[in-house]
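As structure tokens, the structure follows; a few thoughts come after it.
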Amino acid sequence: MIGQLTESASTARPDDTHSSSLREIQVDVDDAIHDAVSIITEGVKNIDVDATSIERPVQGNLTISTSSAHRPKDNIPNPFLRHGPGAIGLAGLCTLKSQLAKLDLVPAGVQGSLAGLIRNRRRMHIDLLSRTEVLEHRRRDAQSPQGKLPVELWAQIFSLCLPPEDFVQPDPRQAPLLLCQICRSWRRVATGTPLLWSTFSIRGSWRRHIWKSSLECWLRRSGNAYLSLDISIPAYMEPAFNDDTLQLITSSSDRWYYLRLSMPDNLLRSMLSNSYMPVLHKLEFSSTYPIAPLEIQGSQAPRLRTVSLLTKSLYPQSLTLPWHQLTILSLQCWLNIGQHLEVLRKSPRLESYCMCLVPADIPLDTRPLVMHHLRRLEIVAFIGSAMGPVLTRFQLPKLTQLSFVVPSSSPACGIAGWPKHHVMSLVERSSCSLKKIRLKGVDMAEESIEETKNSIPSLIEVDFS
């Protein structure tokens with residue numbers, strides 16, 4: 001508009017008649033120019049104020065961003081210094097807007113990066129926890145029985161920790177209960193090894209509730225393993241041994257392998273007479289009273305091979321046992337020669353026999369009894385003179401070990417002589433290869449030992465234990 005007014009003024013020709021009009025036009029032009037300049041000046045001032053108000057936060061943001069990027073603040077372009085006053089309104093505002101747009105993007109990008117870092121940190125923390133758990137699990141496994149050795153080998157090691165007795169009594173200071181107290185891994189292996197719980201001793205001194213709880217726990221942990229049970233019930237404790245406990249014991253009769261029973265005869269008959277014992281191999285029993293007829297048929301215990309009668313007053317004549325399938329028989333009761341011969345005739349498969357002999361007249365039948373399978377014969381004689389005559393009644397072609405025992409309760413213990421000539425006659429008559437002679441409570445001179453070895457070429461050892 002200023003240019004148009006100036007151009008109009010310059011193109012107008014001077015005219016005296018129009019001088020007043022020209023002055024009026026000139027005044028109007030000056031007023032218009034002045035008004036335009038005032039408007040422009042006010043606009044510049046407003047722009048400067050706006051720029052200053054914008055520049056301060058911008059400079060603060062630039063300082064933060066450039067300090068993180070190690071850039072000096074002076075490198076930021078300043079539109080107010082490179083442009084003249086006429087360009088501040090347009091170029092400066094554009095530059096400021098672009099800078100502000102960029103600065104707006106910086107926090108957004110930083111926030112996005114920060115969110116990504118937080119997500120990564122969470123993932124790494126979860127991964128760290130999982131790896132730590134795996135390492136801890138491996139560390140525990142390395143310390144557990146399963147860590148380095150197979151469970152079967154640990155079970156074998158644990159079995160070697162059992163007491164040396166034939167039957168294990170529950171004792172927290174001994175295996176297997178002691179093994180369950182070491183750690184959780186040992187307890188898992190111990191309770192999962194049936195062989196550790198396959199032997200058990202029940203004593204009459206226990207309280208009634210201990211019988212049942214201990215039996216239930218022990219039988220459960222034994223799984224399907226064969227059982228070796230030692231049950232000792234005095235007569236005065238018989239009322240405490242109720243039907244529930246007896247039924248619990250007999251419920252495992254299909255796994256009985258070795259039984260040692262010491263109890264009144266009625267309990268003994270209740271356990272043995274009506275039970276099916278398919279794997280029973282060894283039976284030892286005694287009674288506080290002479291047993292009324294006890295019957296164990298071969299069909300009840302088809303694998304029974306070893307029987308020991310532990311009561312001195314228990315006579316085998318009242319017993320019905322599968323004599324024909326026995327290979328080892330030991331009698332603690334005192335019998336004469338005729339009674340022992342009767343037992344031996346019923347047991348043709350015997351390989352080992354122990355007799356307690358009382359002196360008596362020899363039966364009139366002088367024919368020797370041939371025992372084709374007997375390898376070990378032990379003669380316990382209260383009077384040493386009874387040992388020789390009984391040998392005259394045997395013919396033992398498989399005999400390899402012969403024992404003579406005089407008990408310590410006998411007045412002849414340590415002074416009784418051994419039946420040397422009867423032994424020589426038995427070896428010659430039987431044509432056996434006798435390898436060992438065992439003497440206990442019997443006197444035998446050194447000269448007699450050498451003479452015996454020279455007379456019996458197969459003899460290897462003479463034992464005085």
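Observations
- Diffusion constant of the stretch 320-364 at 20 °C, which comes from Stokes-Einstein with the Kirkwood Cα-pair radius and 1.002 mPa s, µm²/s: 194 µm²/s
- Cross-link pairs 282/346; 346/398; 282/440; 420/453 - those with Cα-Cα distance over 21 Å: 282/440
- Net charge of Cβ neighbours under 11 Å - reference residue 375; Lys, Arg +1; Asp, Glu -1: +3
- Amide H within-cut-off set for residue 279, under 5 Å, with H built and near neighbours excluded: 256
- Positive minus negative residues near residue 305 (Lys, Arg vs Asp, Glu; Cβ under 10 Å): +2
- Taking all pairs of distinct alpha-carbon atoms in the stretch 380-460, Kirkwood radius in angstrom: 12.9 Å
- With a Förster radius of 45 Å applied to the C-beta separation of residue 124 and residue 178, the computed FRET efficiency comes to 0.50.
- Taken one residue at a time, the phi angles of the stretch 390-401 give Karplus couplings (6.51, -1.76, 1.60, θ = phi - 60°) of 5, 5, 5, 9, 10, 10, 10, x, 9, 5, 10, 9 Hz. Gly and Pro are set to x.
- Pairwise inverse Cα distances across the stretch 328-438, averaged and inverted, put the Kirkwood hydrodynamic radius at 14.0 Å.
Read-outs: derived from the displayed coordinates by stated rules, not from any lab. Predicted, not measured: the structure shown is a model, and the values here were computed from it. Ideal geometry is used to build each Cβ from the backbone, glycine not excepted, and the neighbour counts take in all protein chains shown.
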